[in-house]
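Presented below is the structure to which this report refers.
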Amino acid sequence: MKTVFLGRSKAAIVHPRSFFREWLVVLLYAGISVFTTVTSADTGREAAEGDDGLASTQYRSTDEFEVLLDGPSLRDSNKRFGQALSGSVLPRPTIHLAAPEKAFVQDISIKVLRKAYDKLGYELVVHKLPNLRSLMSANNGKYDGEVSRVANLSSIYPNLHPIPTAINVVNVVALGQKNSANIQRVENIRDNPLCVRGNVIVETLVSAHRIECIFVVNISQALAMVSRGRAKYTLLPETNAKISVLHSPVSNVRIVSPVLHSEPLYHYLHKKNLSLVEPLDKVLSEMRSSGSIDQIRSEYFDSIPSPDRMGSDDQRKH
């Protein structure tokens, strides 16, 4: 029986789904064997030996357990029989990042970071929050960092440290009615354009060019006012502009300018994760040099159908 238990022990170590689960099976098997040995013993022998017979059977079983427990360790078995199967591999560590909700440019940044963290062996989980709460939560250490923001945030949020390599760029464009004149430069806008409050990039841009902006609470309000002729233009990030026009109920608003301004975006990590800054920057720098980041941006914009193409598709459906 000792040979049976030893063979079972090696099998549990070499072929584990989980080492401790197999070890438990060995214990169960041993218990059944003890019970079988006792119940199948000669009745006359049990009567003659009394308690000593059961004690003898238990002693043999205990001795066999000692052999199992004193056998080779998992490390020794790995050296002799090979590594454990994938079922015993620990899950990868997870990075939790905050991001502003309804900021579609962040979807590109998330794709870039997901690929970069995967190269470092991390899983990425993103929590989308209102704009200011996202920054405050990341700065307070509730999350491991912020997906992407403009440069020079550390003076306001001292616990957030930027990764030197830019992972994305936000472009500002103008929108107007379909019959509006095209705008080639931001300086050409002198008709009090609409600006969505809280969009720091647009606010900084109009302030630098001394443009008086009429502030609205969200993109839907800006598009509706332009559609009704209550304002001639609105300034929006390019990703928000393309997706909002695509899904907006208004049909007479379009992008009427090339990119008027660009601002690079950087990934920020909380100070508790400073050990990741250097290896992550190395990966992102390689992705930038290889064209991987630009490819992710291109594929994202290619996936957004144009309003004209959407109209054609709708006509074909009907």
Qualifying positions in the stretch 158-170 - farther than 29 Å from residue 258 by Cβ and either surrounded by fewer than 17 Cβ atoms within 10 Å (Cβ to Cβ) or free of Cβ contacts under 8 Å to residues at least 40 places away in the same chain (or both): 158, 159
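Yes/no matrix, rows are residues, columns are (1) farther than 30 Å from residue 141 by Cβ; (2) among the aromatic types (Phe, Trp, Tyr); (3) surrounded by fewer than 19 Cβ atoms within 10 Å (Cβ to Cβ):
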{"site": "172", "(1), (2), (3)": "yes, no, no"}
{"site": "198", "(1), (2), (3)": "no, no, yes"}
{"site": "214", "(1), (2), (3)": "yes, no, yes"}
{"site": "222", "(1), (2), (3)": "yes, no, no"}
{"site": "226", "(1), (2), (3)": "yes, no, no"}
{"site": "243", "(1), (2), (3)": "yes, no, yes"}
{"site": "249", "(1), (2), (3)": "yes, no, yes"}
Helices (runs of 4 or more DSSP H) fully within the stretch 166-251 counting 1 or more residues that are at pLDDT below 90: 200-208, 238-247
Residue match in the stretch 133-148 (condition: out of contact with any His (no Cβ under 9 Å at 6 or more places or on another chain), surrounded by fewer than 22 Cβ atoms within 10 Å (Cβ to Cβ) and farther than 17 Å from residue 96 by Cβ): no
Residues that are aliphatic (A, V, I, L, M), more than 9 Å from the chain's Cα centre (by Cα) and in a helix (DSSP H, G or I), drawn from the stretch 93-120: 105, 108, 112, 116
Flag if residue 293 is out of contact with any Ser or Thr (no Cβ under 6 Å at 6 or more places or on another chain), outside any helix (DSSP H, G or I), of a type in the set (A, V, I, L, M, F, W, C) and under 24 Å from residue 200 (Cβ atoms): no
Neighbours by Cβ (under 8 Å, 6+ apart or cross-chain): first from the stretch 268-290, touching a residue at least 40 places away in the same chain (Cβ under 8 Å); second small (Gly, Ala, Ser) and part of a helix (DSSP H, G or I): 268/138; 270/138; 280/116; 283/116; 284/116; 287/116
So residue 232, is it in the same structural domain as residue 110 (by TED's automatic domain parsing) and in contact (Cβ under 8 Å) with a residue 12 or more places away in the chain: no
Condition check for residue 294: acidic (Asp, Glu), modelled with pLDDT of 90 or more, surrounded by 13 or more Cβ atoms within 10 Å (Cβ to Cβ) and not assigned by TED's automatic domain parsing to the domain that holds residue 194: no
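The values are calculated or read from the model by the stated rules, or taken from the named source; none is laboratory data. Owing to the predicted nature of the structure, the values given are computational and were not obtained by experimental measurement. Here Cβ is always computed from backbone atoms with ideal geometry, including for glycine, and neighbour counts include all displayed protein chains.
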